[in-house]
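Structure record follows, encoded as structure tokens.
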Amino acid sequence: MIFGHHHHGHHHGHHHHDHGDHSGHESEPGQDRRQQGLLARYGRFAVAFVIIAAAVASACAVLVRPGDAIVVTRFGDPIHVLTAPGVAWKLPAPFESTIDVDLRLRTTSSGLQDVGTRDGLRILVQAYVAWQVPAEPDHIRQFLRAVRNQSDVAAQQLRSFVGSSLEITAASLDLADLINTDPAKVQLATLESRLRERLDEQALKVYGVTVRQVGIERLTLPTETLNATIARMRAERETVAAERQAEGRRAAAEIASNADRDTRILRAKAKQDASELEAKSRLEAADIYGRTYSSAPELYNLLRSLDTLETVVGDNTRLILRTDAAPFKVLVDGPPNAATPGAQQEQGSRQ
């Protein structure tokens, strides 16, 4: 009995020990499941929080790209203008929203415009305008109010401005100031500068845009203006040609008059010199004749007679004259001193 009871107690104690050990093993998996449930629940909360935070950050973040401006509006009213490139922040929609404004340079052409010059002629002019919205908050707001951030509307308005400004600016210049064969007289730069002044003032004041450059793309003439210009140029050239011809005739007449004057002066001087030389030679000849006659009168008379014969008688000359008359007498009588005695007797008998 005792042994059995002991055995039973032993068995009971052993059985109780086993039961307590089995209870301890069953409590650990439940605790792990509870911990895993808490972690899963908190993990879902964390993920949801991160997603919400990312969505809020994405809704509040504003990226400003180079060449753009961001206008932050609150219920449609612009409150901030962001121009510096980078990331900025705003309240999420619907409290605040953004509008992108393009600040890059744009060009607009006016097309051919029929305008009048100061001298009453018509010309066809086409100009281009390089413009942009300046990176200044006031001008950006003005651009939004004027055209509601529509660049095409601004370009259309600028084309209208260019047309009216071309009409006013061209009226201050003559056609010869715009079209001329002499490059020094062409004033296209003046036309462009005046046109830019008018456009820049109006565009900035009305639309909040700045004109960076204005240039003339094309300049031509209508048919009637071209014909009138050609006729005027022809008349001008004919006038210039007539003036130059007249100048040439005046110069030729002056040259001829000077030549005639110089000729007359030279001839008069030559005649004067010739008269002086002739008078001088006659004096010398008379002096020579005088000395010769003084030294040998007979020889002088003979030589003078021979000179006279040489002057009067030529190769085909026939004269019938008395031989006892001068100057032929010398041919018959010979030198007075050379007469022979027979000749002297014959002469005496003739006498």
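The values are calculated or read from the model by the stated rules, or taken from the named source; none is laboratory data. Here the structure is a predicted model, which is why all the values come from computation and not from measurement. Every residue, glycine as well, gets a Cβ built from its backbone with ideal geometry; the counts of neighbours run over all protein chains shown. Accessible surface areas use protein heavy atoms only, side chains included; no ligands, DNA or RNA. Shrake-Rupley method; radii C 1.70, N 1.55, O 1.52, S 1.80 Å.
Residues in the stretch 178-202 that are in contact (Cβ under 8 Å) with a residue 24 or more places away in the chain and either touching a helix residue (DSSP H, G or I) at 6+ places or on another chain (Cβ under 7 Å) or assigned to a loop (DSSP other than H, G, I, E, B) (or both): 178, 179, 191, 194, 195, 198, 199, 202. In summary, residue 245 fulfils each of the numbered conditions (1) within 30 Å of residue 122 (Cβ to Cβ); (2) of a type in the set (S, T, N, Q); (3) open to solvent by 100 Å² or more (accessible area, probe 1.4 Å) with the single exception of condition (1).
A residue that is under 16 Å from residue 116 (Cα atoms), in contact with a helix residue (DSSP H, G or I) (Cβ under 9 Å, 6 or more places away or on another chain) and surrounded by fewer than 16 Cβ atoms within 10 Å (Cβ to Cβ) cannot be found anywhere in the stretch 141-162. Is it true that residue 40 is surrounded by 11 or more Cβ atoms within 10 Å (Cβ to Cβ), part of a helix (DSSP H, G or I) and at pLDDT 65 or above? Considered against the rule, which asks whether it is surrounded by 11 or more Cβ atoms within 10 Å (Cβ to Cβ), part of a helix (DSSP H, G or I) and at pLDDT 65 or above, residue 40 comes out as no. Looking across the stretch 205-225 at every residue that is open to solvent by 70 Å² or more (accessible area, probe 1.4 Å) and either aliphatic (A, V, I, L, M) or modelled with pLDDT under 90 (or both), the one that is nearest to residue 111 (Cα to Cα) is identified as 223. You will find that of 215, 208, the residue that is closer than 28 Å to residue 116 by Cα and either acidic (Asp, Glu) or in contact (Cβ under 8 Å) with a residue 60 or more places away in the chain (or both) is 215 and no other.
With the structure loaded, tell me whether residue 168 is in a loop (DSSP other than H, G, I, E, B) and open to solvent by 60 Å² or more (accessible area, probe 1.4 Å) or whether it fails that test. No, not satisfied.
Being loosely packed, with under 11 Cβ neighbours inside 10 Å and either out of contact with any Ser or Thr (no Cβ under 8 Å at 6 or more places or on another chain) or closer than 26 Å to residue 120 by Cα (or both) narrows it down to one of 270, 228, so name that one. Please lay out each step first, then the result.
Working: 228 fails: loosely packed, with under 11 Cβ neighbours inside 10 Å.
It is 270.
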